[in-house]
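Visitor: Provided herewith is a single structure, encoded as structure tokens, for subsequent inquiry.
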Amino acid sequence: MGETSTMNLPAASDNSSQPFSNRLYQMTQRHRHWFFIAPALIILLLVVIYPIIFSTGVSLFRVTFASQSRPFVGLQNFERMLGNDDFIQSALNTLYYVFFSVSGSFIIGFGVALLIRRVTAGKELLRLILIIPITMAPIVVGLMWNWMLDPLFGLVNWFLGLLGIPGQTMLAQASTARLTVVLVDIWQWYPLVFLIIEAGMATLPRAPFESARLEGVSSWMIFRRLTLPMLRPVILVALLLRTVDAFRTFDLVRVMTDGGPALTTETLSLYLYRTAFTFNKLSRAAAGSILMLLCIGLISALMFRYLYRDVEVG
Amino acid sequence: MRVPRSERILAYVILIVMAILVLVPVLAGSVTAFKPQIIWVSSPPTWIFEPTLENFEFVFFTRKGWLFLRNSLIISIGSVVIALILGVPAAYAFARFRFRSSKALMQWLISLRMIPPIVVGLPFYAMFLYLERGLGVGLRDTFPGLIITYQTFLLPLVIWMMRGYFAELPAAMEESAMVEGYTRLGALWRVVLPVVWPGIVATAILNFIFAWNEFFLALILAGNRTSTLPMSAGTYIVRTRVEWGNLFSVNLIIMVPVIVLTIILRRQLVKGLTFGILE
């Protein structure tokens, strides 16, 4: 009886009838959230955390699909990966890809978000058309642009031909392939930045802007001193999402260039896929994917810290 | 917002150019799906022609496109249903109950959004292989296998989106129902779910789009029996030439349902695409 009262809960008043079931009831009440969360949590541990642990394990052995023996090799796979020119090349390609795709889609998306506020009639229709690319499967986007960019019959070259520019093989040349793929990626994803920034701007309070305008502050200064700082958390979310998506790009490059010509468009995902499934070096690919995970984890943790400084997430 | 006339005209001009840059490739490509084979690759492009459905017939029946469509539907709908069954109760708990680890767990869920698919795809392939060899449990190239793996990106999104919808409802709703004798689960089922229904539909649609467009995990883990529509698109690229008309028919079959769903969903789109981080 004394035990129940030490629980110090209002429901545990002076009932001497069923102390044990009462305590059980209180315990389940206190931990009731786990009944709701546990199923989802168990599945997530199984499909995300366990594979990562498994992969880390695989990276410490030499595992291939063909052979049954799996000798322990310690960090050898990591050393091999970091000493591999193709791995370094694909990491640099990925950095290039992330930098230009994120900054390009950010600038265009932000610009479109600013412009669409100045529009009245047809706003809904314009918005709807502009967001079509994000809803398309990246593989469909890639195939469509392959067709657009074809040197013989593609619309892009037909158009350039009207301007007197001879047919270009943008995807087959090492000098242009990388930029072309990045441009297509920007074409697909600037609408995401646009949507996020537009949603963010809709939540800004009106008062500071109106008083600034009354005081005759120039619109550039309003943008720099009011809009940008107030949008900071929204901007960070847009940059964070674009960065992680660009970092893991696979589908688009796979159908447009498949890493070529001469590995100039080989991204990390593509390289690791090839290492595992074409060259049958599962352990090395696992080591590479763990390195990739650490890398993106670090980048997003930094951006997240920055984000948390001024906004309460969740 | 009052905008000078010249500024508005400039905004219209730029935005219309951007819209054209979206529409031209999408429409010109889609039109090819209705072209007879001899003008698939004509240059300059042929704009006036007798539209035909022979590409669709070829893709759908001769090349068994209906099977890929069926597989895509089974996998997408199946994985969304599972994600909702697991995710909705969890989202409810995150929205309603105060507990110590709730914030950390929600942040952990966001962090799952950052994981590149190759990081889970690789071990999944190996795990499925070992399960098959060791225990005789075949998950590779099966619907359950793909539906389980799709939870890696669907489940966190369902929880985040639904938590937002639950948080919008007043807690008094189910409290008064509980006073009237409902249990917590009964109140959730009878009182809360009917009200939060539109949110569930929006969550389901957005997750369906992600599952429908998914390519990477299917490439690694699906096979002849479970190949999806995005994978079938690749079969029309032969080393020397591409069957453009057929390819664009497949592209249209992939694209049209998603565009229709997007139009239905457009108000809720940002919430899902940003993982609800912005709330």
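The values are calculated or read from the model by the stated rules, or taken from the named source; none is laboratory data. Since the model is a prediction, treat every value here as computed from it, not as a measurement. Cβ coordinates were reconstructed from backbone atoms using ideal geometry, including for glycine residues, and neighbour counts include every protein chain displayed.
Visitor: Can you go through B:Leu155, B:Leu146 and tell me which one is more than 7 Å from every other protein chain (Cβ to nearest Cβ), part of a helix (DSSP H, G or I) and crowded, with 22+ Cβ neighbours inside 10 Å?
Guide: It is B:Leu146.
Visitor: Against the conditions (1) modelled with pLDDT of 90 or more; (2) out of contact with any Leu (no Cβ under 7 Å at 6 or more places or on another chain); (3) of a type in the set (A, V, I, L, M), where does B:Ile277 fall short? Just the number, please.
Guide: It is condition (1) that B:Ile277 fails.
Visitor: From (1) without any contact (Cβ under 8 Å) to a residue 12 or more places away in the chain; (2) within 9 Å of chain A (Cβ to nearest Cβ); (3) within 27 Å of B:Tyr165 (Cα to Cα); (4) under 18 Å from the mean Cα position of the chain (by Cα), pick out the condition that doesn't hold for B:Lys103.
Guide: Among (1) without any contact (Cβ under 8 Å) to a residue 12 or more places away in the chain; (2) within 9 Å of chain A (Cβ to nearest Cβ); (3) within 27 Å of B:Tyr165 (Cα to Cα); (4) under 18 Å from the mean Cα position of the chain (by Cα), B:Lys103 violates only (4).
Visitor: While we're here: Of the residues in the stretch B:1-30, how many are touching a residue at least 60 places away in the same chain (Cβ under 8 Å) and surrounded by fewer than 18 Cβ atoms within 10 Å (Cβ to Cβ)?
Guide: 1
Visitor: Looking at the stretch A:198-210, I want the residues that are within 21 Å of A:Leu115 (Cβ to Cβ) and have a partner that is part of a helix (DSSP H, G or I) and of a type in the set (S, T, N, Q) with Cβ atoms under 9 Å, at least 6 apart or on another chain. Which pairs are those?
Guide: If the second residue must be part of a helix (DSSP H, G or I) and of a type in the set (S, T, N, Q), the pairs left are A:Met201/A:Thr227; A:Leu204/A:Thr227; A:Phe209/A:Thr227.
Visitor: Here is a further query. Closer than 30 Å to A:Arg232 by Cβ, in contact (Cβ under 8 Å) with a residue 12 or more places away in the chain and part of a helix (DSSP H, G or I): does that describe B:Phe248?
Guide: no
Visitor: While we're here: If I go through the stretch B:37-50 residue by residue, how many of them are away from chain A (no Cβ under 14 Å) and out of contact with any Pro (no Cβ under 9 Å at 6 or more places or on another chain)?
Guide: First pass over the stretch B:37-50, keeping only residues away from chain A (no Cβ under 14 Å): B:48-50.
Right, trim to out of contact with any Pro (no Cβ under 9 Å at 6 or more places or on another chain) and you get B:48.
Residues flagged as away from chain A (no Cβ under 14 Å) and out of contact with any Pro (no Cβ under 9 Å at 6 or more places or on another chain) within the stretch B:37-50 amount to 1.
Visitor: Checking B:Val119 against (1) of a type in the set (Val, Ile, Thr); (2) more than 23 Å from the chain's Cα centre (by Cα); (3) buried (at least 22 other Cβ atoms within 10 Å of the Cβ), which test does it fail?
Guide: Of everything listed in (1) of a type in the set (Val, Ile, Thr); (2) more than 23 Å from the chain's Cα centre (by Cα); (3) buried (at least 22 other Cβ atoms within 10 Å of the Cβ), B:Val119 misses just condition (2).
For every residue, the table says whether it meets (1) over 19 Å from A:Thr267 (Cβ atoms); (2) modelled with pLDDT under 90; (3) surrounded by fewer than 22 Cβ atoms within 10 Å (Cβ to Cβ).
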position	(1), (2), (3)
A:Leu115	yes, no, yes
A:Leu126	yes, no, yes
A:Ile132	yes, no, yes
A:Trp145	no, no, no
A:Asp150	yes, yes, yes
A:Thr169	yes, yes, yes
A:Asp185	no, no, no
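Visitor: Which condition from (1) at pLDDT below 90; (2) more than 7 Å from chain B (Cβ to nearest Cβ) is the one that A:Pro191 breaks?
Guide: For A:Pro191, the failing item is (1).
Visitor: Can B:Ile74 be described as in contact with a helix residue (DSSP H, G or I) (Cβ under 9 Å, 6 or more places away or on another chain) and either surrounded by fewer than 17 Cβ atoms within 10 Å (Cβ to Cβ) or not in a helix (DSSP H, G or I) (or both)?
Guide: yes
Visitor: Return yes when B:Thr228 is over 16 Å from B:Gly87 (Cα atoms), of a type in the set (Val, Ile, Thr), surrounded by fewer than 15 Cβ atoms within 10 Å (Cβ to Cβ) and within 13 Å of another protein chain (Cβ to nearest Cβ) and no when it is not.
Guide: no
Visitor: Taking the stretch B:128-143, which residues are in contact with a Lys or Arg (Cβ under 8 Å, 6 or more places away or on another chain), touching a residue at least 12 places away in the same chain (Cβ under 8 Å) and in a helix (DSSP H, G or I)?
Guide: Residue satisfying the conditions is B:Phe128 alone.
Visitor: Those residues that are under 26 Å from B:Leu247 (Cβ atoms) and more than 16 Å from the chain's Cα centre (by Cα), I need them from the stretch A:219-261; list them, please.
Guide: A:Arg254, A:Val255, A:Met256, A:Thr257, A:Asp258, A:Gly259, A:Gly260, A:Pro261
Visitor: On to the next question. Go through A:Val156, A:Val119 for me and flag whichever is closer than 20 Å to B:Glu7 by Cβ and surrounded by fewer than 20 Cβ atoms within 10 Å (Cβ to Cβ).
Guide: A:Val119
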